[in-house]
Structure formats: C-alpha cells, structure tokens
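Novice: Right, I'll just put the structure down here and ask away after.
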Amino acid sequence: MENTTDKIAVVIGASHAGVNLAFNLRKEGWLGTILLFDADPALPYHRPPLSKTYLTSKNSEAQQPLKPMESYKKENIELYLGIWVKKIDRKAKQLSYGEGRAQNYDVLILATGARPFIPDIPRLETTKNVFPLRSLEDVQHIKKALDGSKQKKIVVIGGGYIGLETAASLKKMGAKVTVLEREERVLARVTSPELSAFFTDLHKKHGVKLRTNISVKSIRTVGETQQVLCSDENAYQADVIILGCGIQINIELAQAAGLTLKNGIKVDGICKTNDDSIFAIGDCTFHHNLHYNRYVRLESVQNAVDQAKIAAAAICGKEVVCNSIPWFWSDQYDTKLQMVGLNEGYDEALLRTELENENSFSIWYFNGKTLLAVDAVNNAKAYVIGTKCIKNRLSLDKAKLKNPQIQLKPATIILE
Amino acid sequence: MAKITFITQENETITVEGNSGSLMELAVNNNVRGIDGDCGGVCSCATCHVHLSPEHMETVGSPSEIENDMLELDDNVSEYSRLSCQIQLSEALDGLVLKVAN
Ligand SMILES: Cc1cc2nc3c(=O)[nH]c(=O)nc-3n(C[C@H](O)[C@H](O)[C@H](O)COP(=O)(O)OP(=O)(O)OC[C@H]3O[C@@H](n4cnc5c(N)ncnc54)[C@H](O)[C@@H]3O)c2cc1C
Ligand code: FES
C-alpha cells in the first residue's frame, strides 16, 4: 500500500499494543490519518501498576497514562475513547460503532486484547462487591469497596499473577486476604513447581492464606458480608471478592469478520491476518515465535510493544522480522520476579541461590543443553545474563552455574 | 522546578521543566524519542536508558545494584549510564543534560 496522506489507519483497542502501534506508525513515517478506538473512556494507561502500585496508592488520580494527551495531538493521532466498535465489514473496508456510525479504513489493526474471565459460579452476577481486575475502573471500584468495608476481609479467587499481586497489595493495605486456587499450586498455568513453591511461602510469610485444590461452589450474602462456599465444605467470609481467574481474549469482532482464529487471531511474522488489510497485535494474537519456532499466545507488555513495532514498520512498507524473546515481570511485596524465554518443554530446572542473599535466586530451564528460559527472583543479573544466553543460543557450564561459590558472570558460566 | 535537557539520537535537543516524578516520566510526557518507559518505571525493561555527562555523575548519584545489572541489557552501556526511571526529579538536578542512549 502506498503511504499517502489520504490513507486511513484505524486501530481498535488503545492499550499497550494499540497506543504503541499508533506512535510507531508516525515514527515509521505514516502520512495518513490514524484513529484509535477504545471502549474504555480513560486516557490509555499502563495496566501492570493496577494490581501493584496503583492499587496501594492513596491518590486515585495517580494512574499512569501511556502517553499524555498532548502527545496524541502532537503526533496527530485521533482518540475515540469510550466507544465500542461493533462490526467490521471487510468488503467495504468499514467498521461500525456507536449509534449507526461508520468509519472507513485502508488498514485496520486489531489490538483488542482481553477481558477478565468470569467463572461460572451461581449468584456471582448479583453479588455485591465482586470485582475483576483489568481496567482502571475495576481498581477504582475495589478501592472504594475496601474503604467502605469495616473488616477488610478479602477473598481472591484465582492464584495467578494478578491474583497474587492483588493479594500482596491488599495485604500491604491492611486487609485480611485469602486466595482460593483451583489447581494444586498457585501460578500453575504459568510457571514451574519450584517457583510456585517460593511464592506460596512468600505469601504465607506475609500472612496471606492460600488454599489450593479448591473450587468455589457458590456465594451467599449474609448481611453485609459474602460467604464463599467451596469444595472443601468451608465458607470463606469476604467483604470484597476479587476475581483473578485469567482472561478471555477479545476475538468476537475478528470471528464475525471471518478472520482465521486459532487460540487467538492468527497472524504471520509481520502480524498480518489472513486479510491483507488487517493486522492484529498484542494479547489477542496467536503468532509464530521465531526463536522457539512455534506458535504462541502471550499475555505481556513486551509482546504488545514488540508486535506494535513490527506491525507499524510492516504497514509503512519496511522489511522486518520479529525475533523477540518473551519477557515478563511481576512485583509482589518487596520481591521482584523477572522471567525471560519460554520454559515449555524443559527437562531440567536448575536452581541457583546466591550466597550473599538467600532471597536472590534464579531457575534456569534447559532442554538438554539448550537454555530455554530463566526465572530470576531479586536477581536482575541472572535475568540479563539469561536473556543474552538465550538470544545468542550460548551453551552454559551447568556445574558452574549451579555453584554459588562461582560468581554469576558471562565469563564464568558460558562455555567456549 | 528543575530544567532538564534531553538530547536524542537524532540530535534533537529538548529542554523541559518539572517538579516531581522520575526523569523517565518527564521524558515520556514531553515526547522525547528513545525513552519508551515500557515497564512504567519499575526497572524491568531498560527502555529509559540515558547517558549523563561526567560532571553530573556526582549530583545524580550512581545506580543501585538492580539498575546496574539491568543496564547491561543494553549494548550501549557506559560508566555514565543510568535508567531514567530510577532518577527522581528535584531542584538539585536543575541544568542536567542527558543523552538518550537509543
Ligand atoms: C492487573 C494487571 C497486571 C499486569 N501486570 C503485568 C506485568 O507485570 N507485566 C507484564 O508484562 N504484563 C502485565 N499485565 C498484562 C498486560 O497488561 C497485557 O499483556 C497488556 O495490557 C496487553 O495489551 P493489549 O493492548 O494487547 O490488550 P489490552 O490491554 O487488553 O487492551 C485491549 C483494549 O481493547 C479494547 N477493546 C477490545 N475490543 C474492543 C472493541 N470492540 N471496541 C473498542 N475497544 C475494544 C479494550 O477496551 C482494551 O482497552 C498485567 C495485566 C493486568 C490486567
Ligand atoms: S522504564 Fe522500564 S526500566 Fe525504566
């Protein structure tokens, strides 16, 4: 497509993926119009702080916009916030929104991300003070409910990253927190048993109650509080219930438009869908990772940002290859977890604990000799070295790596 | 109020004023190219890398251990490197000049 001033790029979803894409389009020299649609009325913001610093901050204005309003003006990016896009007509290259409004596009970018998965629990819909945690509005509701509750008893349903981060933040704020997890360990879907064990201990030390192998059967309201009735026959008291049960990707628009789906919107190496005029980026995509040579769907800022760069460059006619190594972080209490790579298919998890600080450790996931991924806890050095080794496919001396007497340095652990 | 100057890789010079928050936020809020701040300022992404001039090193101070380690992610690291999200704005920084590393 020729890059001319009369062209229109429309982006659906103005979060980490969509906003970065819009700014990258300008950086790559896109001359035409850029329109950004999002159902969320708030100026697009960082999501990760929602369960972390934003939740604990006293100032509800303290949310972090991805970009200030002036930047959108300066780059001539038009924001359509608080507007739900209803339909894509691929033949007419047009989308419909609001009350019978339509918008043409030359190129369309789907950055529709995900919404919280709402579990099928009887009476959940009608229960007071039950909140998912994905949007700014969700957190504002949670803060308000917490302010209004006397006992500050919280039940978090789901022990994934968001559930655990939320538990840590609420604990910091003085709440009594119980986390209910259906699997036999927390973080079961996203990490190894070793790391799950560490986070289980961490939360217990801070006085959070973790219950695993438990499923919620129903919820009963008794006066001002709710009782969460579980498969272990217990009833957990809660003034506020947080749902941290994972996400459901927003693919309905793509589906209705007949785009190819497979565990997400299927895209090629430059984030293009099976329609040459439609790209998809971020949490909603099922894409090929070159390094690991397989298709993945990722839920991370890194993936949203990297795909936004690739798609923007491709739309502007640049030759690009996406060769990124996934990375992720999570902050709970004073503990910083940094992960790099994808550990799926590992046959060995090598633990290294630093001598000076037992709270600083790393888990190195191998398949044979190949380093697949590293989880680093309070150990940015391991994260950085791991990143370089994975990226450059370097071989490591496992014996030295395991030995805390030997300093963690590229020169000491990388095999010639 | 402190006046901070950012010099981008494209040699654009942007001088801005600020009171509080981090230098990364100041840069993002003023559209400084090359400072992305993808992690929102929690020392997790290293996309806010700047080089200080040697005479400013003392005023600004040296990086913490984790910041120091994270800087190694970037090939462009030097002894004058800092992650701008880890530097809080204050009067003392008035007149600071920073080169954006990427
Ligand atoms: C509480 C929390 C903590 C997190 N912490 C971390 C972390 O520490 N590190 C990390 O890497 N990642 C973290 N994540 C994940 C990260 O935020 C997501 O991966 C990222 O937001 C994905 O960006 P996205 O733009 O693809 O999708 P989303 O952020 O989901 O945005 C999609 C947007 O599209 C809009 N939309 C969808 N359909 C339509 C439509 N039809 N019309 C109009 N608008 C529409 C939605 O309103 C939404 O704003 C966290 C997420 C949450 C919720
Ligand atoms: S903003 Fe991510 S490290 Fe500074």
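The values are calculated or read from the model by the stated rules, or taken from the named source; none is laboratory data. All values reported here derive from a predicted model rather than from experimental measurement. All Cβ positions, even for glycine, are placed from backbone atoms using ideal geometry, and neighbour counts span all protein chains on display. Surface accessibility is based on the protein's heavy atoms, side chains included, excluding ligands, DNA and RNA. Shrake-Rupley method; radii C 1.70, N 1.55, O 1.52, S 1.80 Å.
Novice: Spelling out what I want: for every residue of the stretch A:365-374, take phi, set θ = phi - 60°, compute 6.51 cos²θ - 1.76 cosθ + 1.60 (Karplus), and round to whole Hz; glycine and proline get x.
Specialist: 9, 10, 10, x, 8, 7, 7, 9, 7, 9
Novice: Equivalent ellipsoid semi-axes for the protein assembly as shown, as square roots of 5 times the alpha carbon gyration tensor eigenvalues: give them largest first, rounded to whole Å. Each step should come with its number before you reach the end.
Specialist: Details: eigenvalues 222, 202, 125 Å².
Sorted largest first and rounded, they come to 33, 32, 25 Å.
Novice: For the stretch A:165-230, what % of the accessible area comes from carbon and sulfur atoms, probe 1.4 Å?
Specialist: Values: 1460 of 3160 Å².
Exposed carbon and sulfur together represent 46 percent of the surface.
Novice: Given a Förster radius of 22 Å and the C-beta distance between A:Ile118 and A:Val222 as r, what FRET efficiency does 1/(1 + (r/R0)^6) yield to the nearest 0.05? Intermediate values should be presented prior to the final figure.
Specialist: Numbers: r = 23 Å, r/R0 = 1.03.
Step by step, r from the Cβ atoms, then E = 0.45.
Novice: Run the 1.4 Å probe and let me know the accessible area of A:Ser71, rounded to the nearest 10 Å².
Specialist: 0
Novice: Do you know the relative contact order of the stretch A:33-162, to the nearest whole percent, from alpha carbon pairs under 8 angstrom that are 6+ apart?
Specialist: On the way: 128 pairs, mean separation 31.7, N = 130.
Normalised by residue count, the contact order of the stretch A:33-162 is 24 percent.
Novice: Kirkwood hydrodynamic radius for chain B: how many Å is it when counted over pairs of different Cα atoms?
Specialist: Working: mean 1/r = 0.0761 Å⁻¹.
After inverting the mean inverse Cα-Cα distance, the result is 13.1 Å.
Novice: Could you tell me the distance between the Cα centroids of the stretch A:177-196 and the stretch B:68-100, to the nearest Å?
Specialist: With the stretch A:177-196 and the stretch B:68-100 each reduced to a Cα centre, they are spaced 37 Å.
Novice: Output the residues of the stretch A:62-104 meeting this criterion: accessible area (heavy atoms, 1.4 Å probe) in the chain alone minus accessible area with all protein chains in place is 20 Å² or greater.
Specialist: Residues shielded by partner chains are A:Gln64, A:Lys67, A:Pro68, A:Ser71, A:Lys74, A:Glu75.
Novice: Further question on the same structure: Taking Cα pairs under 8 Å and at least six residues apart, what relative contact order does chain A come out at, in percent? Walk me through the numbers on the way to the answer.
Specialist: Values: 893 pairs, mean separation 57.1, N = 416.
That works out to 14 percent.
Novice: Applying the Karplus parametrisation 6.51 cos²θ - 1.76 cosθ + 1.60 with θ = phi - 60° to the phi angles of the stretch A:212-222, what ³J(HN,Hα) value in whole Hz is obtained for each residue in order, glycine and proline being reported as x?
Specialist: Those phi angles translate into 10, 6, 10, 10, 7, 8, 6, 10, 10, 9, 10 Hz.
Novice: With the Cα gyration tensor of the stretch A:117-247 in hand, convert its eigenvalues to equivalent ellipsoid semi-axes via √(5λ) and list them largest first in whole Å.
Specialist: One finds semi-axes of 21, 16, 14 Å for the stretch A:117-247.
Novice: When the accessible area of each residue in the stretch B:43-67 is compared between its chain alone and the complete protein assembly (1.4 Å probe; ligands, DNA and RNA ignored), which residues differ by at least 30 Å², being lower in the assembly?
Specialist: Buried-area filter returns B:Ser44, B:Ile66.
Novice: Separation between the A:Glu2 and A:Thr335 pseudo-spin-labels, each 7 Å from Cα along Cα→Cβ, expressed in nm?
Specialist: Simple spin-label model gives 5.9 nm for this pair.
Novice: Using 0.36 nm per residue, how much length does the chain from A:Lys172 to A:Asp232 gain when fully extended, once their Cα-Cα distance is taken away? Please report the intermediate quantities before stating the final value.
Specialist: Numbers: separation 60, 0.36 × 60 = 21.60 nm, distance 2.77 nm.
18.8 nm is the gain from fully extending A:Lys172 to A:Asp232.
Novice: Can you give the accessible area buried between chains A and B, summed over both chains, with a 1.4 Å probe, in Å² to the nearest 100? Please list the in-between numbers first.
Specialist: Details: alone 19690 and 5530 Å², together 23330 Å².
It comes to approximately 1900 Å² buried between A and B.
Novice: The stretch A:81-136: which trypsin sites (Lys or Arg not before Pro) are DSSP loop and have at most 16 other beta-carbon atoms within 10 angstrom? The partial results should precede the final answer.
Specialist: Working: sites: A:Lys86, A:Lys87, A:Arg90, A:Lys91, A:Lys93, A:Arg101, A:Arg123, A:Lys128, A:Arg134; in loops: A:Arg90, A:Lys91, A:Lys93, A:Arg123, A:Lys128, A:Arg134.
Within the stretch A:81-136, the qualifying trypsin sites (Lys or Arg not before Pro) (loop, at most 16 other Cβ atoms within 10 Å) are A:Arg90, A:Lys91, A:Arg123, A:Lys128.
Novice: Quick one: which bits of the stretch A:340-386 get at least 40 Å² less accessible when the partner protein chains are in, versus the chain alone, with a 1.4 Å probe?
Specialist: Relative to the lone chain, where solvent access is computed with a 1.4 Å probe, the stretch A:340-386 loses at least 40 Å² at A:Ala380, A:Lys381, A:Val384.
Novice: For an R0 of 45 angstrom, estimate the FRET efficiency from the Cβ-Cβ distance between A:Ala92 and A:His291 and round to the nearest 0.05. Don't skip to the answer; put the middle values down first.
Specialist: Numbers: r = 39 Å, r/R0 = 0.86.
Rounded to the nearest 0.05, the efficiency is 0.70.
Novice: Could you tell me what percent of the accessible area of the stretch B:2-100 is made up of carbon and sulfur, with a 1.4 Å probe and every protein chain present? Show your work: numbers first, answer last.
Specialist: Working: 1770 of 4380 Å².
Carbon with sulfur: 40 percent of the solvent-accessible area.
Novice: Can you tell me what percent of all Cα-Cα pairs in the stretch A:56-185 are more than 21 Å apart? Don't jump to the answer; show the numbers that get you there.
Specialist: On the way: 4932 of 8385 pairs.
Of all Cα-Cα pairs in the stretch A:56-185, 59 percent lie more than 21 Å apart.
Novice: Hey, what's the protein assembly as shown come to in accessible area per residue, 1.4 Å probe, Å²? Each step should come with its number before you reach the end.
Specialist: Working: 23330 Å² over 518 residues.
Spelled out: the 1.4 Å probe surface of the protein assembly as shown, per residue, equals 45 Å².
Novice: For the stretch B:8-65 and the stretch A:87-163, what is the separation of their C-alpha centers, rounded to whole Å?
Specialist: 33
Novice: About the Cα centre of chain A, how large is the charge dipole given +1 on each Lys and Arg Cβ and -1 on each Asp and Glu Cβ? Please answer in debye to the nearest 20.
Specialist: On the way: 54 positive and 46 negative charges, 99 e Å.
Magnitude of the dipole: close to 480 debye.
Novice: Top mean-square fluctuation among A:Ala280, A:Ala256, A:Ala17, Gaussian network model of chain A, C-alpha springs under 10 Å?
Specialist: Largest GNM mean-square fluctuation: A:Ala256.
Novice: Rank B:Leu23, B:Leu73, B:Pro63 by how far each Cα sits towards the positive end of the charge dipole of the stretch B:2-100 (+1 on Lys, Arg Cβ; -1 on Asp, Glu Cβ) and give me just the farthest.
Specialist: Going by the Cα projections, it comes out as B:Leu23.
Novice: For chain B, which longest stretch is free of loop sites, where a loop site is one of the GluC sites (Glu not before Pro) that DSSP puts outside H, G, I, E and B and that has at most 15 other Cβ atoms within 10 Å? All intermediate terms of the calculation are to be shown ahead of the outcome.
Specialist: Values: sites that count: B:Glu10, B:Glu12, B:Glu79.
With GluC sites (Glu not before Pro) excluded where exposed in loops, chain B gives B:13-78 as its longest stretch.
Novice: While we're on this one: With an 8 Å cut-off on Cα pairs and a minimum separation of 6 or more residues, tell me the relative contact order of the stretch A:334-413 in percent. Each step should come with its number before you reach the end.
Specialist: Numbers: 147 pairs, mean separation 22.9, N = 80.
In percent, rounded to a whole number, it is 29.
Novice: Let me ask another. For the charge dipole of the protein assembly as shown, defined by +1 on Lys and Arg C-beta atoms and -1 on Asp and Glu C-beta atoms about the Cα centroid, which residue among A:Ser215, A:Gly148, A:Val340 has the Cα displaced farthest towards the positive pole?
Specialist: Positive-end residue among those listed: A:Ser215.
Novice: Quick one: dipole size for the stretch A:229-343, taken about the Cα centre, charges +1 on Lys/Arg Cβ and -1 on Asp/Glu Cβ, in debye to the nearest 20. It would help to have the intermediate numbers written out before the result.
Specialist: Values: 8 positive and 13 negative charges, 117 e Å.
Here the stretch A:229-343 has a charge dipole of around 560 debye.
Novice: Under 13 Å from a point placed 7 Å out from the Cα of A:Lys369 along the Cα-to-Cβ direction: which residues of the stretch A:376-415 have their backbone N that close?
Specialist: A:393-398, A:415
Novice: Quick one: dipole size for the stretch A:334-413, taken about the Cα centre, charges +1 on Lys/Arg Cβ and -1 on Asp/Glu Cβ, in debye to the nearest 20.
Specialist: On the way: 11 positive and 9 negative charges, 87 e Å.
Using only the charged Cβ atoms, the result is roughly 420 debye.
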